[in-house]
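See below for the structure under consideration.
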2 protein chains.
Amino acid sequence: MSSVKWTLKKLDVKREANVPSDIEISRRQTPKPITQLAKEIGIKDEELEPYGDKKAKVQLSILKRYNNQENGKYVLVVGMTPTPLGEGKSTTTIGLAQALFSELGHPSFACVRQPSQGPTFGIKGGAAGGGYSQVIPMEEFNLHLTGDIHAITAANNLLAAAIDARMFHEATQKDDALFDRLVPKNKEGKRLLTPIQQRRLQRLGIAVQDDAEKLSPEDRVRFARLDIDPKTITWSRVIDTSDRFLRGIEVGHGNTEKGHVRKTDFKISVGSELMAILALSLSLADMRERIGKIVVATDNKGQPVTCDDVGCTGAVTVLMKDTIKPTLMQTVEGTPVFVHAGPFANIAHGASSVVADKLALKLVGKEGFVVTEAGFGMDIGGEKFLDIKCRSSGLSPNVVVIVATVRALKMHGGGPPVTPGNLPAAYRTPNLELLEKGCDSNLKKQIENIQKFGLPVVVCVNKFSTDSDEELNLVKEKAHKFNAVGVISNHWAKGGEGAKELAQAVKEAANKKSEFKFLYDVNKSIKEKIEIIAKEMYGASGVEYSEAAETTIKRYTDQGFGNLPLCMAKTQLSLSHDPTKKGAPTGFTLPIRDVSISVGAGFIFPFCGEIMTMPGLNTRPCFYDIDIDPETEIIDGLF
Amino acid sequence: MSSVKWTLKKLDVKREANVPSDIEISRRQTPKPITQLAKEIGIKDEELEPYGDKKAKVQLSILKRYNNQENGKYVLVVGMTPTPLGEGKSTTTIGLAQALFSELGHPSFACVRQPSQGPTFGIKGGAAGGGYSQVIPMEEFNLHLTGDIHAITAANNLLAAAIDARMFHEATQKDDALFDRLVPKNKEGKRLLTPIQQRRLQRLGIAVQDDAEKLSPEDRVRFARLDIDPKTITWSRVIDTSDRFLRGIEVGHGNTEKGHVRKTDFKISVGSELMAILALSLSLADMRERIGKIVVATDNKGQPVTCDDVGCTGAVTVLMKDTIKPTLMQTVEGTPVFVHAGPFANIAHGASSVVADKLALKLVGKEGFVVTEAGFGMDIGGEKFLDIKCRSSGLSPNVVVIVATVRALKMHGGGPPVTPGNLPAAYRTPNLELLEKGCDSNLKKQIENIQKFGLPVVVCVNKFSTDSDEELNLVKEKAHKFNAVGVISNHWAKGGEGAKELAQAVKEAANKKSEFKFLYDVNKSIKEKIEIIAKEMYGASGVEYSEAAETTIKRYTDQGFGNLPLCMAKTQLSLSHDPTKKGAPTGFTLPIRDVSISVGAGFIFPFCGEIMTMPGLNTRPCFYDIDIDPETEIIDGLF
């Protein structure tokens, strides 16, 4: 039935009624050799770079080979506003992809994101889906994977080190010494400019010379001094560890730095602009160009200072070169998964990569399906997916699945606070009243949010063992009332089989005509765009700007970056900026604390109130439970 | 001729008289598929974990399989005191390994260290040997490799984050709250202790309970409060980037940390104790045990606080689990190389790993040779190799090769200062007077240093194109005078063929009876051991201790760690602690600024004067020259 020839074989799963822990399930299932999976889905040996025998990077050359292939259907999975426990969005993504193949016989691919090791060792313990809908082996998925996040960390921090070192050298050297060192004499006594230095001359409007000695004294100074205004630096260091003590730091306290102390911070690595660049780039060439354009600061004349000015474009690209290739893994049922790009859709763009989706859409062919996810609720991850990622890729989903759970709906209906390790009784016993209120507030609003983009909606009610049939059916009915299709799904306990009805509903909805449109026109001003998102997505009645935000909005508008789309940094725990406001709050004023910029990724970054870019460790992090048996190499505690 | 059956095939090298750049040579040579190389040297498919087709991790199970195999000969390559440009120690290691196979027909393996990306993007641009004696592909060798250093960074920083977070939680929580959170009630209402928490009770001498509720109020406090004295913390964060602004930092400036600011630093990742643990561990079990024993600080009662007390042993081991496996690559002539552990023998132990050497010794069999290297000069890298690594491994070299260059000898004879990018005329024209003075001072002393360990010495005069025959022969004669064998070697320009004479000399020397002995008895006091190294290796007349050093020496002696070997942190640029003192200085007093401890790795860490644990970027780092062609993926600027 497919235009592509897959020879994919489902892995037999011996399911137990009493579902074991995720790592138990993963451990009991033997994955296919990754080379075999690649063959089954039409990837050639020379297009595959195995990392061990359970994961492999895949080359982008497949895109060229499949140039004339029609795309499959594109399915986006989003969430309602979640509890801090998560509502099973990744699990649904995997379960649905499993069902589309195993139950309906369509080629299918899941595209998910590589988890950050910060939460893995802090609060979560793993993020490969769950139950009988997960990526295996889960420890390989959760630990290092194929090194993309580590490469981002290294590349991000090279640029950060280069910025501080350059400011130091400019501050401690006279013009001549600085110039002579930047363009040292070669053996023939000439001061040759490298290509990256020539590009800086071009941007400065200075006629490019081979030999820098030919530059006028004034031009030498302009060339040599980046003259960064330290207050405007937007490039932070990053680390893939939940380290709260790096949220605010002072660097330069060593004797050798001669008192050049500066306040700055570390962000979690997946929040690096380089992660967004990885996710949005169409090719290595596109990635290199975006890296060069990264704006790291503003100079004392008000002009942007770029990664290219700092001299790092090539080096950062070299460190990132393998990250552009998605990693192939498999589900517990042996269907293919691309793992690519990173999470944290609250403080980052947080969707899987454009190239992974494009590759998967070609590989499944026109009868196939690609299921991918956006982080957290539709208001943040979903909006960014559609307004940022789809603008970059030129793709748009055929259907959006929103994952709802009875427990999250009850919380939005007024249930007591939910915290990790503490689920109050109201959530474990039937309560139709709380549930209905949650449906009529948060679920309704998030469905409307999807409909504003002109896309068909399927509500997946992700079943938990404590949910009553009455409760589950109520959500289904409500979905129908909100002009969406509602389906109860049990993929956590039953894998693809449990998501058969969901797959069927998705297949039908995907064949409807969609009338996709963006939420806003990028050519509107930064403030206009912020207001559209605040009012249309979040339910705010207005927006207020801090003084800092007013300054940065003016700065980036003056620099000509006003027409970029927005990547809002907002809490994932409420439609508003206030994590305690559940349901669908209205009438509030959204505070914009500051605005940053990611020119390489291609967006403006407004911060809605206090929002942390570095997670912390609580008193008893989950690392207490993590261990390895040195003989068997079996890992415990990643659950 | 060998007890093992190798089917190793030499790769044909098309050498040019005018030697191209390292990356050119690497690029022109097509390496064998790594699976083929593995087969050729007796590694089975199931023992290999390929990372792409040019490098692979190798499983330690080979050690068991080859249990009855006799070891090959063990050759250590060390340096004289180098110029800042390096004297070709890695190049000699590779060239010698090539010659032993290609010219003399012996199975041979080189064991080298993974370079740090700090210098690669700062001053050096690559560290895979050079010319026709290098590891290929050099960009794969220099970039990320198989992720070991990244894993160390992640593991090291998890522990660092855990220490600061724990101190914060102890400072901001009352006894009961802290205890309740560390041992939360499970669903059955019990406060179950995890194994790592039970081990803490054992160390505290408290009877172990399943349910923590059974502990007395006093024991609960003792259990819950690590009570770290912040002034005694020895665990730094690390990063594999040359970032001078992280040499001294203050953490905890974020609002959420409520004023708990602390002065600390970042070290270069390869200086992490975890790198030394990787290098010295005999197995994953040994690694896990060493990780648990890491001492991160002292508590307010004077007792050591360990990684196990912080709760991180299992998690750190899980992050490190794949690092214990050496990475297999190949030389430009297709002979096998293990890349494992890290450099920086000035501030770290800095030798390749024990398991790589052990595996290689088994794989080559009794007719074979394993050539490995120690960092920088014999006084630091060599001394640590013999006194630390050989104590851990139980192995000792059959012969030591010391690499000398005419330029370094001239510098020690009184030549003008050598800096990167600036080699004064005296070094490019014959000057027998400077050369002889250098031989009679530094070379003589470093040869004597080797002889103090009872080992035969071969002096490899590493030929440069600017050296005259008279100069080269003088060094050779001097070697003979110092009771060593002298050989002129030209492996940089001619590969294995250029090192044939060296290989022959090594083979002969390796068959002599050696009378290996350690430099000191570990059971002597810390001060006695420091004084032996200072006087015997460095030529000092005495040692002086700062107040800080007196305090820490007393602390670690009181804690029972006085009988560990020493890992001296000292400049590599002089036999003394003063980098400007060339030749073989005597009569100086060695200052010990401070003493740290690495109980997991198993050594005491005295700091000799000012010594930087984090490199910096100069005004024009080599990243200016690094770039990648996005179409061909060819990298330039790693030279």
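The values are calculated or read from the model by the stated rules, or taken from the named source; none is laboratory data. These figures come from a predicted structure and were not determined experimentally. Cβ atoms come from the backbone with ideal geometry, glycine included; neighbour counts cover every protein chain shown.
Okay, here's what the table says:
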read-out	value
Residue that is surrounded by 19 or more Cβ atoms within 10 Å (Cβ to Cβ), among the small types (Gly, Ala, Ser), within 30 Å of A:SER576 (Cβ to Cβ) and in contact with a Lys or Arg (Cβ under 8 Å, 6 or more places away or on another chain), where the choices are A:GLY79, A:GLY118, A:GLY42	A:GLY79
Among the candidates B:ALA540, B:ALA549, residue that is hydrophobic (A, V, I, L, M, F, W, C) and in a helix (DSSP H, G or I)	B:ALA549
Residue that is at pLDDT below 95 and surrounded by 19 or more Cβ atoms within 10 Å (Cβ to Cβ), where the choices are A:LEU182, A:LEU158, A:LEU193, A:LEU178	A:LEU193
So B:GLY637, is it under 23 Å from the mean Cα position of the chain (by Cα) and either within 14 Å of chain A (Cβ to nearest Cβ) or closer than 19 Å to B:THR306 by Cα (or both)	no
Check on B:THR571, within 14 Å of chain A (Cβ to nearest Cβ), of a type in the set (Val, Ile, Thr) and either touching an Asp or Glu at 6+ places or on another chain (Cβ under 9 Å) or in a helix (DSSP H, G or I) (or both)	no
Out of B:THR327, B:THR256, B:THR323, B:THR335, sole residue that is out of contact with any Cys (no Cβ under 7 Å at 6 or more places or on another chain) and more than 28 Å from B:GLU40 (Cβ to Cβ)	B:THR256
Matching residues in segment A:33-47 - criterion: being over 28 Å from the mean Cα position of the chain (by Cα) and touching a residue at least 24 places away in the same chain (Cβ under 8 Å)	A:LYS39, A:GLU40
Single unsatisfied condition, A:VAL19 versus (1) surrounded by 17 or more Cβ atoms within 10 Å (Cβ to Cβ); (2) farther than 23 Å from B:VAL58 by Cα	(1)
Qualifying residues in segment A:604-622 (those that are within 7 Å of chain B (Cβ to nearest Cβ) and touching a Ser or Thr at 6+ places or on another chain (Cβ under 7 Å)) - the one surrounded by the fewest Cβ atoms within 10 Å (Cβ to Cβ)	A:GLY616
Test set (1) under 20 Å from B:VAL296 (Cα atoms); (2) basic (Lys, Arg); (3) more than 10 Å from chain A (Cβ to nearest Cβ) - B:ARG166 fails condition number	(3)
Failed criterion for B:ASP578 (all others in (1) under 22 Å from B:THR419 (Cα atoms); (2) more than 13 Å from chain A (Cβ to nearest Cβ); (3) surrounded by 24 or more Cβ atoms within 10 Å (Cβ to Cβ) hold)	(3)
Failed condition for B:GLU213, given (1) touching a helix residue (DSSP H, G or I) at 6+ places or on another chain (Cβ under 8 Å); (2) of a type in the set (Asp, Glu); (3) surrounded by fewer than 17 Cβ atoms within 10 Å (Cβ to Cβ)	(1)
Flag if B:ILE136 is surrounded by fewer than 20 Cβ atoms within 10 Å (Cβ to Cβ), in contact with a Pro (Cβ under 7 Å, 6 or more places away or on another chain) and either within 12 Å of chain A (Cβ to nearest Cβ) or farther than 28 Å from A:ASP627 by Cα (or both)	no
Residue count, segment A:630-639 (criterion: part of a strand (DSSP E or B) and surrounded by 20 or more Cβ atoms within 10 Å (Cβ to Cβ))	1
Pairs with Cβ under 8 Å, 6+ apart, first in segment B:99-118 and closer than 15 Å to B:VAL371 by Cα, second among the polar types (S, T, N, Q) and assigned to a strand (DSSP E or B)	B:LEU100/B:SER108; B:PHE101/B:SER108; B:ALA110/B:THR331; B:ALA110/B:THR372; B:CYS111/B:THR372; B:VAL112/B:THR372
Residue list for segment B:408-441, restricted to those being touching an Asp or Glu at 6+ places or on another chain (Cβ under 7 Å) and free of Cβ contacts under 8 Å to residues at least 60 places away in the same chain	B:PRO430, B:LEU432, B:LEU435
A:PRO397 vs. criteria surrounded by fewer than 24 Cβ atoms within 10 Å (Cβ to Cβ), on the phi < 0 side of the Ramachandran plot, within 25 Å of the chain's Cα centre (by Cα) and not charged (D, E, K, R)	no
Residue count for segment A:517-537, restricted to those that are crowded, with 16+ Cβ neighbours inside 10 Å, over 23 Å from the mean Cα position of the chain (by Cα) and in a loop (DSSP other than H, G, I, E, B)	0
Selection status of B:GLY314, more than 30 Å from B:LYS32 (Cβ to Cβ), surrounded by fewer than 23 Cβ atoms within 10 Å (Cβ to Cβ) and within 14 Å of another protein chain (Cβ to nearest Cβ)	no
Members of segment A:266-284 that are surrounded by fewer than 24 Cβ atoms within 10 Å (Cβ to Cβ) and under 21 Å from A:VAL58 (Cα atoms)	A:LEU282, A:SER283, A:LEU284
Conditions (1) without any contact (Cβ under 8 Å) to a residue 60 or more places away in the chain; (2) away from chain A (no Cβ under 14 Å); (3) surrounded by fewer than 22 Cβ atoms within 10 Å (Cβ to Cβ): number failed by B:ASP627	(2)
Test: residue in segment A:484-494 that is under 30 Å from B:PRO184 (Cα atoms), modelled with pLDDT of 95 or more and in contact with a Pro (Cβ under 7 Å, 6 or more places away or on another chain)	no
Single condition B:THR589 does not satisfy, out of (1) buried (at least 18 other Cβ atoms within 10 Å of the Cβ); (2) out of contact with any helix residue (DSSP H, G or I) (no Cβ under 6 Å at 6 or more places or on another chain)	(1)
Which listed residue, of A:ARG203, A:ARG181, A:ARG191, is of a type outside the set (S, T, N, Q), over 23 Å from B:ASP636 (Cα atoms) and either in the same structural domain as A:ALA224 (by the TED database) or in contact (Cβ under 8 Å) with a residue 24 or more places away in the chain (or both)	A:ARG203
Residue among A:LEU395, A:LEU386 that alone is under 13 Å from A:CYS111 (Cβ atoms), modelled with pLDDT of 95 or more and assigned by the TED database to the domain that holds A:ILE43	A:LEU395
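For every residue, the table says whether it meets (1) in contact with a helix residue (DSSP H, G or I) (Cβ under 8 Å, 6 or more places away or on another chain); (2) surrounded by 24 or more Cβ atoms within 10 Å (Cβ to Cβ); (3) within 14 Å of another protein chain (Cβ to nearest Cβ).
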| residue | (1), (2), (3) |
| --- | --- |
| A:VAL370 | yes, yes, no |
| A:GLY375 | yes, yes, no |
| A:VAL406 | yes, yes, no |
| A:LEU409 | yes, yes, no |
| A:THR429 | no, no, no |
| A:ASP440 | yes, no, no |
| A:GLU448 | no, no, no |
| A:GLY454 | no, no, no |
